[in-house]
1. Across segment A:99-135, what is the total count of residues that are more than 7 Å from chain B (Cβ to nearest Cβ) and small (Gly, Ala, Ser)?
2. Can you say whether B:PHE48 is out of contact with any strand residue (DSSP E or B) (no Cβ under 7 Å at 6 or more places or on another chain) and in contact (Cβ under 8 Å) with a residue 24 or more places away in the chain, as far as the supplied structure shows?
3. Does any residue of segment B:31-42 turn out to be surrounded by 18 or more Cβ atoms within 10 Å (Cβ to Cβ), under 16 Å from A:ALA80 (Cα atoms) and out of contact with any helix residue (DSSP H, G or I) (no Cβ under 9 Å at 6 or more places or on another chain)?
4. Looking only at residues in segment A:71-98 that are within 10 Å of chain B (Cβ to nearest Cβ), touching a residue at least 40 places away in the same chain (Cβ under 8 Å) and not in a loop (DSSP other than H, G, I, E, B), which one is farthest from the chain's Cα centre (by Cα)?
5. Please return the ranges of strands (runs of 3 or more DSSP E) entirely within segment B:1-76 where 3 or more residues are more than 7 Å from chain A (Cβ to nearest Cβ).
6. Kindly indicate the residue of segment A:35-57 that is under 25 Å from B:GLY70 (Cα atoms) and among the hydrophobic types (A, V, I, L, M, F, W, C) and also surrounded by the fewest Cβ atoms within 10 Å (Cβ to Cβ) among those meeting that condition.
7. Please determine, by comparing only the residues of segment A:102-128 that are in a strand (DSSP E or B) and crowded, with 21+ Cβ neighbours inside 10 Å, which one is nearest to the chain's Cα centre (by Cα).
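Rule-based calculations on the coordinates, nothing more; no lab input. Predicted model, so just to flag it, every value in this text is computed and none were measured. Note that each Cβ is placed from the backbone with ideal geometry, even for glycine, and that neighbours are counted across all protein chains shown.
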Amino acid sequence: MALDLKVAVTAKNAGLDAKYTTAIGSNGLLRIYSGTKPTNPDTALSGNTVLAELALSATFAAGASSGVLTASSITADSSADNTGTATFFSLLTSGGTRKVDGTVGTSGCDLNLNTTSIVSGAQVSVSSLTITSGN
Amino acid sequence: MKLSITAAGAVLPPGSTTHAALESGTQTVSIDGLDESGMVRCVYPDGFVKHHQAETVENLATKVTGQLRGRYGLAEVVFTAVPKALEAGEAFTVEA
């Protein structure tokens, strides 16, 4: 028989809450970087520049529902620190430990912006962020 | 479980921000140490926290200036004191 693993919604919700809300902890951060995206969040950055830093809500998200975790409001960075081309973003703990890395682009990426060209002093906002558990 | 992230946002030109309130008078931006990735943790006058990727005080001053202009709308930023080093307890002071 072919592989066909299915997971109950309650388990998906619990997994999302643990993997993201608990892992990120309180007052997490979203940083947008230029440069080559590391293999995964356990891989150290290498020559990457932080273009913008946005503050997550004190609690990253309310409990997942129907296998979807929706981030609470994210505070815009009113003045980007550096100029560059955004290539990836991370969700981090308040202490700066990366927990999630995702791609940045203008379409078809994990985080889609109207432009990946960020100039120092620009306002950078993320208006929505959801994480969906499949299967 | 296969996971996917869907996120959307916008980049707006400098000067697009609605400014946060900042009381007039002497204000302090203090260094609260470095985070685990080596970024400098700065605490702004209203308690707002932002980390800056900086290796020198001069470089950090540029970024703090940008934040004071962008977030608080200060047209002119003149520091009356600057940190001696990128260490916890050091601070910038500025007249708002």
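1. 4
2. yes
3. Yes, the conditions are met somewhere in segment B:31-42.
4. A:ASP77
5. Of the strands (runs of 3 or more DSSP E) lying wholly inside segment B:1-76, those with at least 3 residues that are more than 7 Å from chain A (Cβ to nearest Cβ) span B:26-34, B:40-43.
6. My answer is A:ALA55.
7. Keep residues of segment A:102-128 that are in a strand (DSSP E or B), which gives A:102-105, A:111-112, A:117-118, A:123-128.
Then drop every residue that is not crowded, with 21+ Cβ neighbours inside 10 Å, which leaves A:104, A:111, A:118, A:123-124, A:126.
Numbers: A:VAL104: 10, A:LEU111: 8, A:ILE118: 17, A:GLN123: 18, A:VAL124: 14, A:VAL126: 10 Å.
Restricting to residues being in a strand (DSSP E or B) and crowded, with 21+ Cβ neighbours inside 10 Å, the top hit is A:LEU111.
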